[in-house]
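Reading through the C-alpha cells given below for one structure.
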Amino acid sequence: MVRLLIVDDHIAVAESLHALLSREPGFELTPIAPDAETALRIVRETEPDVVLMDQGLPGMSGTDAVARVLEIRPATAVIMFSGSMTEDDLVTAVESGIRGYVPKGARAADVVSAVRRAAAGEILLAPDELTRLLRRSRERSRQRLERDRQVASLTPREREVLRLMAKAQDVPAISDALGITAHTARGYIQNILEKLQAHSRLEAVIRANELGLVEQ
C-alpha cells in the first residue's frame, strides 16, 4: 500500500487528483494539504510514502518545504508536481532530496507511474537532466563561495563607499558623506575595484549587485 499526500493550494485541482488517485489499486490517500505547514503536520501524523508537492504554495514554497518534509520523515519520496518551476527552483528541490518532477499537465497515467516508481525508490529524473541540474548546483555553490569571499574581503568602510557608489555618488559626495578626504575616498574606490576585479566604478557596482554586496 502506497500512502500518498497531495500538497496544492489549488483546491479544485487537488481534489480532482485526490479523487482520481484514490481509485488506484494499492493507493491510500491522506487529507489534502493546501500549504506547507499543513503538509508538515500531515507528514508527522500519517507518515506518507510519497508526497506530490506543488511549488507555488502560500507562505513557505514547495522547494523550501521539501527539506522540512525529509527532516521529519527521510523515507518519504517527494515529487515536485507543479505547473511552473524555474531551473533554480528545480535545482533547489534536487539539493533538498526530491525523487523527481512531474508537470501538472502530465497524463494521469504518468502521475500514477511516477508515484509508484518513487515509492519503489526510483529517481524519476533522466540521467542527463540530473547531471545538468547537479552541474548547476555546483555552479550555484561556487557563486555562493565567491560571494562570501568578496564580502569578507571588503572592510566595513569599503562597503559604505560601495553603497554610496551604487547610489551614483561621486568622489566629493562620498568624501562629504563619510567625512574623509577626496584622496582617501579615491583610495577606497581603488581598493574596491581591485577586490571585485572590476575595471570601472560602474562595473564594480554591477558586480557588487550581482553578488548581493550592495545590500550588505
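Here are some notes:
- Given charges at Cβ of Lys, Arg, Asp, Glu: the chain dipole, positive-most of 162, 48, 134: 162
- Table column - 3J(HN,Hα) (Hz), region 4-10, Karplus curve with 6.51, -1.76, 1.60, x for Gly and Pro: 10, 10, 9, 10, 7, 7, 8
- Karplus-based coupling profile of region 45-53, in residue order and whole Hz: 7, 10, 6, x, 7, 9, 10, 9, 10, with θ = phi - 60° in 6.51 cos²θ - 1.76 cosθ + 1.60 and x standing for Gly or Pro.
- Protection proxy ranking, peptides 53-59, 194-200, average beta carbon neighbours within 10 Å, highest first: 53-59, 194-200
- Computed from phi, the 3J(HN,Hα) profile of region 168-179 under the Karplus parametrisation 6.51, -1.76, 1.60 (θ = phi - 60°) reads 6, 6, 8, 4, x, 5, 5, 5, 5, 5, 9, x Hz, with x in place of Gly and Pro.
- Label zone at residue 134, where the point sits 7 Å out along the Cα-to-Cβ direction: region 76-114 residues whose backbone N lies under 12 Å: 95
- Size of charge dipole - the chain - debye, nearest 20, with Cβ of Lys, Arg +1 and Asp, Glu -1, no other charges: 640 debye
- Inter-label distance for residue 147 and residue 160, nm, one decimal - labels placed 7 Å from Cα along Cα-to-Cβ: 2.5 nm
- The amide H of residue 47, built 1.01 Å from its N in the peptide plane, has no neighbour under 5 Å, considering only residues 5 or more places off or on other chains.
- Label-zone membership for region 183-199, site residue 167, 7 angstrom Cα→C-beta point, backbone N under 20 Å: 183-190, 192-193
- Per the Cα gyration tensor, region 124-189 maps to an equivalent ellipsoid with semi-axes of 42, 11, 7 Å, ordered largest to smallest.
- Average projection, convex hull of the Cα set of region 1-106: 5.9 square nanometres.
- Cα-based radius of gyration for the chain, normalised by 2.2 N^0.38 Å, reads 1.42.
- Sequence-distant residues sharing a close amide H with residue 77 (under 5 Å, placed H): 50, 51
- Under 5 Å between amide hydrogens, built in the peptide plane, is the criterion, and for residue 27 it picks out 2 among residues at least 5 positions away or on other chains.
- Gain on full extension, evaluated as 0.36 nm per residue between residue 75 and residue 177 minus their Cα-Cα distance, stands at 31.0 nm.
- Projected onto its three principal axes, the C-alpha set of region 154-211 covers 28, 19, 18 Å, listed from the longest axis down.
- In the chain, helical runs assigned H by DSSP with n ≥ 4 each contribute -39500 (n - 2.57); averaged across all residues and rounded to the nearest 500, the mean residue ellipticity at 222 nm is -18500 deg cm²/dmol.
FYI, it's all coordinate maths here, none of it is from the lab. Quick caveat: nothing in here was measured; it's all calculated off a predicted structure. Every residue, glycine as well, gets a Cβ built from its backbone with ideal geometry; the counts of neighbours run over all protein chains shown.
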